[in-house]
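Right, one structure below, let's go through it.
Values quoted throughout were computed directly from the atomic coordinates according to the rules given, and no laboratory measurement underlies them. Note that the coordinates shown come from a computational prediction; the quantities given were computed from them, not determined experimentally. Cβ placement follows ideal geometry from the backbone for every residue including glycine, while neighbour counts extend to all protein chains displayed.
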Amino acid sequence: MDEDIYFHKIVTLRARKEQLKFRTSQELFSSHDIDIGTRALLRSILEGGYQPKGILDLGCGYGAIGLTLKKLYPESSVHMVDRDALAVEYSRQNARINGLEDVEIYGSLGYDDVNGSDFDLIVANIPGKAGAAVIAYLLREAGYFLTPGGTATIVVVAALDSAAEKILHDTPGLEIILRRKRTEHVIFHYRFNREQVTPKPDSSALERGVYQRNNIKIHLKDLEYTMQTAYGLPEFDSLNYGSEMLITALNEIKGREIKQAMVFNPGQGHVAVALWKFIHPENIELIDRDLLALKYSRLNLIGNACPPEKISISHQVGLERKEGKNVDVIAGLFRDEGKNVNAWVLKQEIEELASGGMIIIAGGSTGIMRLADYVEEEERLRIKARERRRGYSLLAIEKMI
């Protein structure tokens, strides 16, 4: 990012004789300080006397655990992954400011995109709202990525103590070597007996339905489609008013010749599916920070007869594209990330838009109305439509030149 509009503050962490600094964002977990669970997990790892050669930090956030371990074990090979591209970006920033090189930091949905299976230490601060099936997957399938004798170390909120312990106890070939309960968190260290671990599945967790919540059918005026919805994404059983307005606005441009379309922040994929059904563009590009949203939106497009070769996904912060033709239609919901982020995203949309192209956006009314003021001052833009409904607003914008 040229301008770090997500930056919140710098926090510090001392481990042994080393002190690290971390840039944080309010959009990421524990932005005000290193959380108690992370500190407790790190302390338990250091007390365990491990000498890891390969480390996987699963769900790295802005990098507190993985980068601290790299600092303490500089010869180790460290991989840090997260489903949020903003977390990946901040971990990379924090690796640089702490002078840490040779760290692999990239996006992954759970273990699905992890490069390698030879780690002797896996660390994870398990999110409390991940859902039972996802938590079981994250705990159990560590065994497929550990070397013989390797250790998985996790921290969970105290409310998940009994559920996590049951998952671990019920997993064949798994041995709990440490359980430490604090007031708010519980730490587990565990290992696997390789001879008793079941074979690694041939398909990804996404393909096996680990994240799946339910199947729904949407009826909106003359539009009907089916969806697979995921835990951890909004609109799993119905549309919010912002999406309804976006879909209605897309219906208004039905029949328009569109070659390149973009959907940002696609969530479960409602807007992307509606765009495909109304317009049938030659290509649909999905852009988001959230890898789960990107993969479920792609899944739902394919489930609604969109050919896979017409779909591309970009896991990134912001909408700036490295290459490709200008976009004819851009549609999506703005997150509640503040006026500076919204203005930055809109400026990127304008630059990516072809002459005569349209931007159709929705979000909270206050944020969208601020963007309307900006659009009215831009000579190359024209507001084609605006709507307000129960706290949400929509803008349809045309680029003149």
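Summarising the amide proton neighbourhood of LEU174: residues at separation of 5 or more, or on other chains, whose placed amide H is nearer than 5 Å comprise ASN193. Placing a pseudo-label 7 Å from each Cα along the Cα-to-Cβ vector at ASP373 and GLU207 gives an inter-label distance of 5.1 nm. When Cα Rg over 2.2 N^0.38 Å is computed from the coordinates, the matching label among (i) 1.11; (ii) 1.05; (iii) 1.56 is (ii).
Placing dummy labels 7 Å off each Cα toward the beta-carbon, the span from GLU75 to ILE176 is 3.4 nm.
Taking θ as phi - 60° and the Karplus parameters 6.51, -1.76 and 1.60, the scalar couplings of region 35-45 work out to 6, 4, x, 5, 4, 5, 5, 4, 4, 5, 5 Hz in sequence order, x denoting glycine and proline.
The peptide list 280-286, 303-309, 157-163, 88-94, put in order of mean Cβ contacts within 10 Å with the highest first, becomes 88-94, 280-286, 157-163, 303-309. Relative to the longest principal axis of the Cα atoms of the chain, the long axis of helix 291-303 makes an angle of roughly 50 degrees. Computed from Cα atoms, the angle from the helix 365-377 axis to the main principal axis of the chain rounds to 50 degrees.
Put simply, the amide H of LEU353, placed in the peptide plane, has neighbours under 5 Å in VAL327, leaving out anything fewer than 5 places away on its chain.
Here the Karplus curve 6.51 cos²θ - 1.76 cosθ + 1.60, taken at θ = phi - 60°, turns the phi angles of region 330-341 into couplings of 10, 9, x, 9, 7, 6, 7, 10, x, 5, 5, 5 Hz, with x standing for Gly and Pro. Sparsely packed loop sites in region 212-252 (the GluC sites (Glu not before Pro) outside DSSP H, G, I, E and B with at most 16 other Cβ atoms within 10 Å) do not occur. Among the trypsin sites (Lys or Arg not before Pro) in region 121-191, those located in a DSSP loop and surrounded by at most 15 other Cβ atoms within 10 Å of their own Cβ are LYS129, ARG182.
Ordering ASN214, ASN115, THR153 by the projection of their Cα atoms onto the charge dipole of region 113-223, which places +1 on the Cβ of Lys and Arg and -1 on the Cβ of Asp and Glu, puts ASN214 at the extreme positive end. Taking amide H positions as placed in the peptide plane 1.01 Å from N, state which residues far from ILE105 in sequence (5 or more) or on other chains have amide H under 5 Å from it. HN-HN under 5 Å from ILE105: MET80. Our coupling estimate for region 141-152, obtained by passing each phi through the Karplus curve with A = 6.51, B = -1.76, C = 1.60 and θ = phi - 60°, is 7, 4, x, 7, 10, 9, 6, x, x, x, 10, 9 Hz, Gly and Pro reported as x. The distance between label points at GLU101 and ASP237 comes to 5.4 nm (points 7 Å beyond Cα on the Cα→Cβ vector).
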